[in-house]
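Bear in mind these aren't lab numbers, they're just calculated from the coordinates by the rules spelled out. Remember, it's a predicted structure, so these values are computed and weren't measured experimentally. Because the Cβ atoms are built from the backbone with ideal geometry, glycine has one as well, and the counts that use them run over all protein chains shown.
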């Protein structure tokens, strides 16, 4: 979409393999903000660097595990500023035929508050609806107040489910809460 006033060209579309390096860069910047000084050690433990991370993304975009697995990118001109991954819900209490999941929702920390999150969450909802899902869930870290506030403002709510994931690097556990929405009622927040 183009702004008739001459503002920035912003959009959301399905990710292409050529977007892999942009997605990897956004994810690494978000991880840097989240993990700080721990990030180099965590990446080294997983044998990742910027190049191998982008290559893994490119392979994933070329060969998604299921037809219903989607990757969407938020763009400012042709620059990736955010991404989201969707697919069938995988929780033991989920009905994968009717429940979709937002596996990841990330906006580049340098691009938050400019509306990219709102456009991306709307595209996520439309994609999950087009894939035939009537409900969506999203797991997020219990300490991620910014993302929780944004999703609640977009019509999502906690459903009481929580889980703890062991950190592979031995740094402890990550506690998560699950949000959900009826896809017929979801609407984007003003801006992220």
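Here are the numbers for the structure shown:
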item: The chain: relative contact order as a whole-number percent, Cα under 8 Å and 6+ apart; result: 19
item: Gap separating the Cα centres of region 113-129 and region 8-48, nearest whole Å; result: 19
item: Most fluctuating residue given options 115, 82, 160, as computed from a GNM of the chain linking Cα atoms under 10 Å; result: 160
item: Gyration tensor (alpha-carbon) shape descriptor, region 10-182, a/c threshold 1.5; result: rounded
item: Listed residues 74, 136, 166, most fluctuating in the chain (Gaussian network, C-alpha, under 10 Å); result: 166
item: Antiparallel bridges, percent of DSSP beta bridges restricted to the chain (to nearest 5); result: 90
item: Helix-only [θ]222 nm of the chain, DSSP H runs n ≥ 4, -39500 (n - 2.57) each, per residue, nearest 500; result: -9500 deg cm²/dmol
item: Exposure proxy ranking, count of Cβ atoms within 10 Å, fewest first, for 105, 83; result: 105, 83
